[in-house]
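First comes the structure, then the notes that go with it.
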Amino acid sequence: ASSRLLPAALDAIRAAGLALHPFDYARLEDIISRHAERVDAGARAWLQTIRPEKELPEALYDGPAVNESNVAQAGKRQKIAYVAALRVANPAAGRGLVERLFPDEPAANRLELAAVLASHLSGEDRPFLESLASDRAQTVRDKANELLGLLPGTDAFAKRMARLKEDIEIKSEGLLRRRKVLAYKPPANVRPH
């Protein structure tokens, strides 16, 4: 009944390699309807016959567990989750997998794969991020430039620091004890907090 407990229970059932029994589909119709992406293909097919008007979301994943050999065939969510977990465990291997998957992915997936590199970002990622400057999608180029802006020594980092200097104002405060204070003045297109 809990909005957090039910998805976790359905995920645990899938992770254990189990599924809801077809005899229980009718009793669990509301749950299957609300969490159609978390149940197996059989339950989704049953739901489609019972409620043909309901548009079903993309399944989490109906295939085998995602690993290095089948990650390219996995769904978008599974692919990004696997690459993100690998990036945390082994940043170099995660970057290598991103580089390997990148050419065959659509723009939306390439953007998310590039965003995965933000975790454990280092100078070793710089050559790959610089190669993304010629990507065919503007969103991917922007993301790569944003990540390069976080790496000291890059042109994007220098531009970011120059913008920061423009946004900080040095003021003097105090009557008896004068001191210098840094004050942030946001750019015209940013609403102050």
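The values are calculated or read from the model by the stated rules, or taken from the named source; none is laboratory data. As the structure is a prediction and not an experimental result, all values here were calculated from the model. Cβ atoms come from the backbone with ideal geometry, glycine included; neighbour counts cover every protein chain shown. Surface accessibility is based on the protein's heavy atoms, side chains included, excluding ligands, DNA and RNA. Shrake-Rupley method; radii C 1.70, N 1.55, O 1.52, S 1.80 Å.
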**Asked** Given ALA115, ALA144, ALA89, which one is exposed (fewer than 13 other Cβ atoms within 10 Å of the Cβ) and without any contact (Cβ under 8 Å) to a residue 40 or more places away in the chain?
**Response** ALA89
**Asked** From the list ALA133, ALA115, ALA162, which one is modelled with pLDDT of 90 or more and either farther than 26 Å from VAL71 by Cβ or among the hydrophobic types (A, V, I, L, M, F, W, C) (or both)?
**Response** ALA115
**Prompt:** Considering ASP167, ASP104, ASP125, which residue is modelled with pLDDT under 90 and open to solvent by less than 50 Å² (accessible area, probe 1.4 Å)?
**Reply:** ASP167
**Prompt:** Has the stretch 26-46 got any residue that is in a loop (DSSP other than H, G, I, E, B), closer than 30 Å to GLY153 by Cα and at pLDDT 90 or above?
**Reply:** no
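Based on what the data block shows, is SER131 open to solvent by 50 Å² or more (accessible area, probe 1.4 Å) and assigned to a strand (DSSP E or B)? Full working, then the answer.
Working: open to solvent by 50 Å² or more (accessible area, probe 1.4 Å): yes; assigned to a strand (DSSP E or B): no.
It is false that SER131 is open to solvent by 50 Å² or more (accessible area, probe 1.4 Å) and assigned to a strand (DSSP E or B).
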**Asked** Looking at the stretch 47-66, which of the residues that are assigned to a loop (DSSP other than H, G, I, E, B) and modelled with pLDDT of 80 or more is surrounded by the most Cβ atoms within 10 Å (Cβ to Cβ)?
**Response** ARG51
**Request:** Working only within the stretch 170-193, note down all residues that are exposed (fewer than 10 other Cβ atoms within 10 Å of the Cβ) and small (Gly, Ala, Ser).
**Result:** SER172, GLY174, ALA188
